[in-house]
Every structure is written in C-alpha cells, then in structure tokens.
Amino acid sequence: MNYTRISESIQAELTFLSELSELTDDERFRQSIAEVIYSLNDLSDTLTLQRRYLKPRFDAE
C-alpha cells in the first residue's frame, strides 16, 4: 500500500475543502464540509497509525 500517495491525496482534499468552505455563506453547507473534513482527518490518523505499526512487521518478513 502506498501510504505516502494516499496521505498526499487526503491532504489535497482537505486543502480544497477548507478553501471551499471559506467561499460559501451557506451555514449548512459549511457544516457538511466540516463533517467531511473531520472524517478525512480521522482517516489520515488511521493511515498514519497503520503505517507506523504495520511497517515494522512487513520489514521483518
């Protein structure tokens, strides 16, 4: 699994969504974007943990 590529894609999406939320005055839309950003941050954290804890196991094989 290419963690770096996935992480870079998530970061690009986070940047895009943050910029998009600044362009709208619709509070419900902003809230929806905030929820997606929160979920992507969770996903990013999960990938970071997987990379940290699974990599040593694969390196040992």
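The values are calculated or read from the model by the stated rules, or taken from the named source; none is laboratory data. Here the structure is a predicted model, which means the values were calculated and not measured. All Cβ positions, glycine included, derive from the backbone under ideal geometry; neighbour counts span all protein chains shown. Calculation scope for accessible area: heavy atoms of the full protein, side chains included, ligands and nucleic acids excluded. Shrake-Rupley method; radii C 1.70, N 1.55, O 1.52, S 1.80 Å.
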How far, in degrees from 0 to 90, does helix 27-60 lean away from the longest principal axis of the Cα atoms of the chain, to the nearest 10? 10 degrees
Run the quick spin-label model on L43 and T4: label points 7 Å from Cα toward the beta carbon, then report their separation in nm to one decimal. 2.1 nm
Send over a whole-number figure in Å² for the accessible area per residue of the chain, probe 1.4 Å. 82 Å²
Quick check: the angle from helix 3-23's long axis to the longest principal axis of the chain, C-alpha only, nearest 10 degrees? 10 degrees
If each K or R counts +1 and each D or E counts -1, the residues other than L20 whose Cβ falls under 13 Å of its Cβ total -4
Taking R0 as 25 Å, what FRET efficiency do you get between R30 and K55 from their Cβ-Cβ distance, rounded to the nearest 0.05? 0.10
If I compute solvent accessible area with a 1.4 Å probe over the protein chains, what percent of it on the chain is carbon and sulfur? 53 percent
As I understand it, the dipole of the chain uses +1 on the Cβ of Lys and Arg and -1 on the Cβ of Asp and Glu, about the Cα centre. Which of Q50, L23, I6 lies farthest toward its positive end? Q50
Given the whole protein assembly as supplied and a 1.4 Å probe, what does the accessible area of E35 come to in Å², nearest 10? 110 Å²
